[in-house]
Amino acid sequence: MAKKDKYLVGLDIGSTKTCVLLAETENEQVRFLALGAAESKGLRKGLIVNLDSTVSSIRRAVEEAEGVANVPVESAVIGVAGSHVRGVNSRGGISLGNRARDVERDDVRRAIDAARNIAMPEDREVLHVLPHEFLVDAQDGIRDPIGMIGQRLEANVHVVTSSMAATQNLITAANKAGILINDTVLEPLASAEACLTPDEKEMGCCILDIGGGTTDLAVFGGGVVRHTGTVAIGGDHFTNDLAVGLRTPIPEAEKIKHRHACAWAEILHNDGAIEIASVGDRPPRTIFARNLTEIIEPRAQELMAMIRDDLRRAGMERQIQAGFVLTGGGAQLNGFDELAEHIFQLPVRLGEPRGIQDMPESVARPEYATVVGLVMHAAKTRRSNSQKSNNFVSKLKSMFAGA
């Protein structure tokens, strides 16, 4: 392995902040090297609205990571999220011939290709094709059909599509910042890679990635992705509500949200006085903690209702016995997890990313779940490609050995 090939980089361009995580592979393990973060400028609800500002944010985050690790960032895996992402379940199949025979790896690939062949507008592209199960001669529930015998092979898959322009703009911004993009990954899938346990994926779990502009979700069941979706409310909406309701500047509202806000009145035990800045040259004012909750709680309940509607439309509302895992910066709003648990009557926990060695506690937080997951996805892809390469070499050797 060339020296530069041992490095892995995740790039998360969010509506609020841009993060770059730099790691290295060492004896099949992934070791943390550095994290760079910068305020995001030029994005709205996951979409780039000012390319130059986005490029500047990426460069600042990259420079910080490079400065700590003393390693150049040349390529990365990038996260994709936002209201332009769509997920749909699809089914397709192929005939294996007139007589029953063994299912081969190429048959599986062709069945998945048949299932992914969905009608979509020209301005959209396929981001992921995630197999649910396979059917051999109508026998369902098969996870790996290779070696089984039958005449017809079908695949049930979840197809994630995105706006071609929106995704390409992210890649262009990274390229302008000097970074080659190796792969694009749906952000809640990356967060799940870093935060969900195998048991949660098997039993049925919904991960909510609460970003600045949107909340992106993914539902797992039976160990695979069953549904993905997006709700057009994120942490910035809470900040804006506070700014308007309290008549205070946005930066002040953001500070108040982090320090004092609570999403559920039931757990508000300290109704202390809080001094806040006013707009313009007006003198500061005093409010109480309950005033913040009166503004925040209705928005939190609206977000929960939209999530429930999305799950209900997809037929997933009763399929998440393991409950919810909350990631993203917005997940840390005080009382949000308790309110979600009360509304859904299901277990709810904050998702703290794991899986990378030597990662400091300051990075093992919900707001960094996506960027950690992107690096873990890159490591898994690299291992898979290495195994395929080794298998190919072994086949070549056996062919020549038998000649």
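The number of residues in segment 304-318 that are touching a helix residue (DSSP H, G or I) at 6+ places or on another chain (Cβ under 8 Å) and surrounded by 18 or more Cβ atoms within 10 Å (Cβ to Cβ) comes to 1. Residues that are charged (D, E, K, R) and within 13 Å of THR172 (Cα to Cα) within segment 33-58 comprise just one, ASP52.
Might you let me know whether segment 152-172 holds any residue that is out of contact with any Asp or Glu (no Cβ under 6 Å at 6 or more places or on another chain), in contact (Cβ under 8 Å) with a residue 24 or more places away in the chain and part of a loop (DSSP other than H, G, I, E, B)? Looking for residues that are out of contact with any Asp or Glu (no Cβ under 6 Å at 6 or more places or on another chain), in contact (Cβ under 8 Å) with a residue 24 or more places away in the chain and part of a loop (DSSP other than H, G, I, E, B), one finds none in segment 152-172, hence no. Among the residues of segment 340-360, just one is in contact (Cβ under 8 Å) with a residue 60 or more places away in the chain, loosely packed, with under 14 Cβ neighbours inside 10 Å and at positive phi, namely ASP358. Within segment 77-103, the residues that satisfy the criterion of being under 13 Å from the mean Cα position of the chain (by Cα), of a type in the set (Val, Ile, Thr) and within 18 Å of HIS158 (Cα to Cα) are VAL80, VAL85. Quick check: anything in segment 277-300 β-branched (Val, Ile, Thr) and exposed (fewer than 13 other Cβ atoms within 10 Å of the Cβ)? The answer is yes; a qualifying residue exists. Here SER83 does not qualify as touching a Lys or Arg at 6+ places or on another chain (Cβ under 9 Å), of a type in the set (Ser, Thr, Tyr), touching a residue at least 12 places away in the same chain (Cβ under 8 Å) and part of a strand (DSSP E or B). Within segment 256-276, the set of residues being surrounded by 15 or more Cβ atoms within 10 Å (Cβ to Cβ), within 10 Å of ASN334 (Cβ to Cβ) and hydrophobic (A, V, I, L, M, F, W, C) comprises ALA261, CYS262, ALA263, TRP264, LEU268.
Where a number appears in this text, it was derived from the coordinates with a stated rule and is not lab data. Quantities reported herein were computed from a predicted structural model and do not represent experimental measurements. Counting neighbours? That spans all protein chains shown, and the Cβs are built from the backbone with ideal geometry, glycine included.
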